[in-house]
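Down below is the structure, laid out as structure tokens.
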Amino acid sequence: MPENNEIYVIRCPELNNQVAHFQKDRLCDWPIVWVDLPRLIQVWEQSPRALLLPQARTWEVRKYQIYREGLESTIIPFTTINVQTYGTQIGRLTVPRISYGWDNHDQAITVGFVNGRHRTRMLEDVGVRTIPVQIHEREAEELRRTCAPSPGIELETFFE
């Protein structure tokens, strides 16, 4: 594993465009792929045997509050990011890990979550359009081909 920790910056439009900071799962060496979140969710919702999670605002109130508070605990105003002291300022969530590809049984592209279904729905809830995910390298190219962010979208990563 690299010594530097990659931090992925996700802007949250419905939280005054503040940013959430996510990190790669240190127990997994799968690569990171940035994806168009609405497209990924569309494929996920159409996956025949996917373990779906409804939109966040339909959850029981306390569950929604817990996950919203968890997301907000990773947010600091963009203007206050200080890479030198960042690690002591806030907690971090890991990026979702997914599987993605053709399912011969169902004759369809499918999305499965190893972890991160709730985080993904919370990011959708606060208006995020592009997120990083971890995926096995043999599935990464197909994911990039079908769910890549639109050209010109700024993808923010820094190292600490």
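The values are calculated or read from the model by the stated rules, or taken from the named source; none is laboratory data. No experiment lies behind these values; they were computed from the predicted model shown. So basically every Cβ, Gly included, is an ideal-geometry build from the backbone, and we count neighbours across all protein chains shown.
Take the residues of segment 1-43 that are part of a strand (DSSP E or B), under 11 Å from ARG129 (Cα atoms) and of a type in the set (D, E, K, R): which is modelled with the highest pLDDT? Steps first, please.
Filtering segment 1-43 down to residues part of a strand (DSSP E or B) leaves 6-12, 18-23, 32-36.
So of that shortlist, the ones also under 11 Å from ARG129 (Cα atoms) come out as 10-12, 34-36.
If we keep only those that are of a type in the set (D, E, K, R) as well, we get 11, 36.
On the way: ARG11: 85, ASP36: 96.
Looking at the filtered set, the residue picked out is ASP36.
Within segment 85-105, residues that are closer than 15 Å to GLN46 by Cα have Cβ atoms under 6 Å from residues that are among the charged types (D, E, K, R) and at pLDDT 90 or above in these pairs: TYR100/GLU139; GLY101/GLU139; GLY101/GLU142, counting only partners at least 6 apart in sequence or on another chain. TRP102 fulfils the conditions (1) surrounded by 15 or more Cβ atoms within 10 Å (Cβ to Cβ); (2) touching a helix residue (DSSP H, G or I) at 6+ places or on another chain (Cβ under 9 Å); (3) at pLDDT below 95 except for a single criterion, (1).
Could you go through segment 113-127 and let me know if any residue there is under 16 Å from TYR8 (Cα atoms) and of a type in the set (Lys, Arg). Yes - at least one qualifying residue is present in segment 113-127. Take segment 110-127 and flag every residue that is closer than 21 Å to ASN16 by Cα, outside any loop (DSSP other than H, G, I, E, B) and aliphatic (A, V, I, L, M). MET122, LEU123, listed by residue number.
Quick one: how many residues across segment 111-127 are more than 18 Å from ASP29 (Cα to Cα), crowded, with 19+ Cβ neighbours inside 10 Å and touching a strand residue (DSSP E or B) at 6+ places or on another chain (Cβ under 8 Å)? Residues that pass the stated criteria total 5.
Yes/no matrix, rows are residues, columns are (1) at pLDDT below 85; (2) surrounded by fewer than 13 Cβ atoms within 10 Å (Cβ to Cβ); (3) more than 20 Å from ALA20 (Cβ to Cβ):
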position	(1), (2), (3)
THR58	no, yes, yes
GLY70	yes, no, no
ILE75	yes, no, no
THR80	yes, yes, no
ARG92	yes, no, no
ALA108	no, no, yes
ARG129	no, no, no
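Summed over segment 131-148, the residues that are surrounded by fewer than 22 Cβ atoms within 10 Å (Cβ to Cβ) and either free of Cβ contacts under 8 Å to residues at least 12 places away in the same chain or in a helix (DSSP H, G or I) (or both) give a count of 9.
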